Every structure is written in structure tokens, then in C-alpha cells.
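Here is the structure we will look at.
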Amino acid sequence: MHEDEKYHNALSAWMPELSSLSKLQIEIGAALTGLSEKRVTLEEKMIRMHLHQLSALFGRVAEEAHQMLASHYDAKAETALDELRVLNSEVQNVVADLLKIIRYNLNFLEQYYEYDYYSRLQNEHKFVDRTQKIVDDLHALVANSSK
């Protein structure tokens, strides 16, 4: 396969997922803004921390992916890409649920939703840990390709 074709294939595979990350960061920002409009609870603080960490890690995923695309686009990154696709879809659904409740009723959010939501973030979804693994995997691919 010609170099230009390899690059085009890698770019075609990665750019939709990287665009999704950017959109998710905007949605996370909207959720954080919505959370700031209500009384502060312990659960809300934990949700905010989790969402800020996740958004920051999305930036690192984009950074590592662009480093790979810039010079090591033939690196074997299919596993990381597959994991990112799954993660993007799951995060989109979970953040959309939070935004729906924020827009519905902040009192309901505070009284009935926050505790369970944070518990699911931390114990079920583990988005921060999963995203960190993608960052680490991409970083290792770039580092190993440079050798």
C-alpha cells in the first residue's frame, strides 16, 4: 500500500472519532454549566470532578492520536480506535442522560438522580480509567514507532 493511501486510511478512521471527542467536550461543558446552576452537593462535586477529568483526558487522547497521525500513521492502533469508538458512544449516552435531567428539573436532579448517576460513573462505566488506558496505549504506540 502506498504511503499516501496509508495516511488517508488512518485519517479516515481516526478523524470521525476525534471529532466526536470534541463534540463530547462541548456536551460535558454544557452539563458542567447546568450543574453550576443548582445548590452544591457532595455528589455534584464528585460528578463535576469526574467530568472535568474525562474532558481533560479527551484532550490527551486527541493529542496522542494526532501525534500518531502526524508521523506514525501506520502504527497498529486498531485496538485503541475500537475502544475509543465504544467509549465515545457510551459517554454520549451517559452525558445526554445527565443533560436531559438537568433541563428537566434541577430539584429532581439533586434529590433523586445525582447519587445513582455518580455511582454508575464510578463503578459501572469507569470512563476516566478507560480513557486513560487509551491515552497510554496511543502514547506507547507512538513511542515504540519512533524507535
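Just so it is clear, none of the values below were taken in a lab; they were calculated from the coordinates. Please read all numbers here as calculations on a predicted model, not as lab measurements. So basically every Cβ, Gly included, is an ideal-geometry build from the backbone, and we count neighbours across all protein chains shown.
Quick check: convex hull of the Cα atoms in the chain, volume per residue, rounded to a whole Å³?
Dividing the Cα hull volume of the chain by its residues yields 94 Å³.
Quick check: net charge around Ala80, other residues with Cβ under 12 Å of its Cβ, Lys/Arg +1 and Asp/Glu -1?
-3
Determine the sum of side-chain charges near Tyr115: Lys and Arg each +1, Asp and Glu each -1, restricted to other residues whose C-beta is under 12 angstrom from that of Tyr115.
Taking every Cβ under 12 Å from that of Tyr115, the sum is -4.
Per DSSP helix of 4 or more residues, -39500 (n - 2.57); summed, then divided by the residues of the chain. What does that give at 222 nm, rounded to the nearest 500?
Mean residue ellipticity at 222 nm (helix-derived): -27500 deg cm²/dmol.
Calculate the dipole size of the stretch 3-145 relative to its Cα centre from +1 charges on Lys and Arg beta carbons and -1 charges on Asp and Glu beta carbons; express the result in debye to the nearest 20.
Computed about the Cα centre, the dipole is about 540 debye.
Going by Cα centres, the stretch 82-127 and the stretch 18-39 are how many Å apart?
Spelled out, the Cα-based centre of one part sits 11 Å from the other.
List the lysines whose alpha-carbon lies under 18 Å from that of Lys133, not counting same-chain residues fewer than 8 positions away?
Excluding near neighbours in sequence, the set is Lys76.
Can you give the angle from 0 to 90° between the axis of helix 78-104 and the longest principal axis of the chain, with both taken from C-alpha atoms, to the nearest 10?
Orientation of helix 78-104: about 20 degrees from the principal axis.
Report the GluC sites (Glu not before Pro) located in the stretch 1-89 that are in a DSSP loop and have at most 16 other Cβ atoms inside 10 Å of their Cβ, or state none.
Answer by residue number: Glu37.
Among the trypsin sites (Lys or Arg not before Pro) in the stretch 24-55, which ones are in a DSSP loop with at most 12 other Cβ atoms within 10 Å of the Cβ? Mind listing them?
Arg39
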